[in-house]
Amino acid sequence: MSYAPANLTIVLYDQFLQETWLDETAPRQGYPYDLPVVDALRGHPLRFHPQVTYLIGENGTGKSTLLEAMAVVLGFNPEGGTRNLRFSTQDTHSALGDHLRVAKGKRAHRGFFFRAESFYNVATAIDEIGVAEYYGDRSLHAQSHGEAFLSLARTQFGNDGLFLLDEPEAALSPGRQLNILSLLHQSVGAGSQYVIATHSPILMAYPNAWIYALTGSGLERIAYDDTEHVQITRNFLASPARMLRYLFE
């Protein structure tokens, strides 16, 4: 069984990241193996869109855990950064990467693993190693969180790359999220591939992307308009007073 749509043919060898699954030796009990999304990967590979794939779901469903494990298997630092940025602030990543397998196609010329919760640590490592000039005209620490991420995106979202982004909207205003979509589109047009864990209806609106919803029963590929994120946001914006009255009552 695959989570890719049956009516779409994918040329797997022409993309960087093809699919991921859990190997047969993985434990069946204990965190993170008892997460529905992890259990769903036993014998059922999760396929990725050649351009943009989204992982969405409620807090605690395992989006960040899965993305982190994929990053580790692909050679990225668990706290984030490029494959060449090696540092460790605190070893807190799960053991999922020990049993997660990935199928890869062609080799990516560049890449970056961004995770909002440890971006401060990445910015610090960049300064300490002395490579800040590759991320803009000044230290990432000399900018706001949102400005720093935009600088990173402008300098790192390039051609022929594989990029894993964990909740990139965390520090971004709606306008800046649109900026990120524009930069992402330029990068995709230059041959790059993205896997993004997000709660943002703005960011997950990229045309023709695949959206996987992580639920209490596992994984489900879902249309943009059918996501809870979009439906709740639309209902709220259509009538904030009505939604607040219902909520408070």
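Points worth noting:
- When we screen Arg115, Arg154, Arg110 for residues that are of a type in the set (D, E, K, R) and more than 20 Å from Pro78 (Cα to Cα), the only hit is Arg154.
- Filtered residues of the range 39-49 (kept if among the aliphatic types (A, V, I, L, M) and in a loop (DSSP other than H, G, I, E, B)): Ala40, Leu41
- Scanning the range 52-93 for residues that are at pLDDT 80 or above and among the aromatic types (Phe, Trp, Tyr) gives Tyr54, Phe76.
- Within the range 31-61, if we keep just the residues that are among the polar types (S, T, N, Q) and surrounded by 18 or more Cβ atoms within 10 Å (Cβ to Cβ), the residue that is nearest to Ile222 (Cα to Cα) turns out to be Thr53.
- Residues of the range 6-31 that turn out to be modelled with pLDDT under 85, assigned to a loop (DSSP other than H, G, I, E, B) and of a type in the set (A, V, I, L, M), as a count: 4
- Test: residue in the range 76-89 that is in a helix (DSSP H, G or I) and either of a type in the set (Ser, Thr, Tyr) or surrounded by fewer than 16 Cβ atoms within 10 Å (Cβ to Cβ) (or both): no
- For the range 196-231, filtered to residues that are farther than 23 Å from Ala170 by Cβ and acidic (Asp, Glu), the residue that is modelled with the lowest pLDDT is Glu220.
- When the range 50-65 is filtered for residues that are free of Cβ contacts under 8 Å to residues at least 60 places away in the same chain and either within 22 Å of Lys106 (Cα to Cα) or assigned to a helix (DSSP H, G or I) (or both), only Thr65 remains.
- Residue list for the range 121-134, restricted to those being exposed (fewer than 15 other Cβ atoms within 10 Å of the Cβ) and either in contact with an Asp or Glu (Cβ under 7 Å, 6 or more places away or on another chain) or not charged (D, E, K, R) (or both): Ile129, Gly130, Val131, Tyr134
The values are calculated or read from the model by the stated rules, or taken from the named source; none is laboratory data. Owing to the predicted nature of the structure, the values given are computational and were not obtained by experimental measurement. No Cβ is skipped: glycine too gets one built from the backbone with ideal geometry, and neighbour counts run over all protein chains shown.
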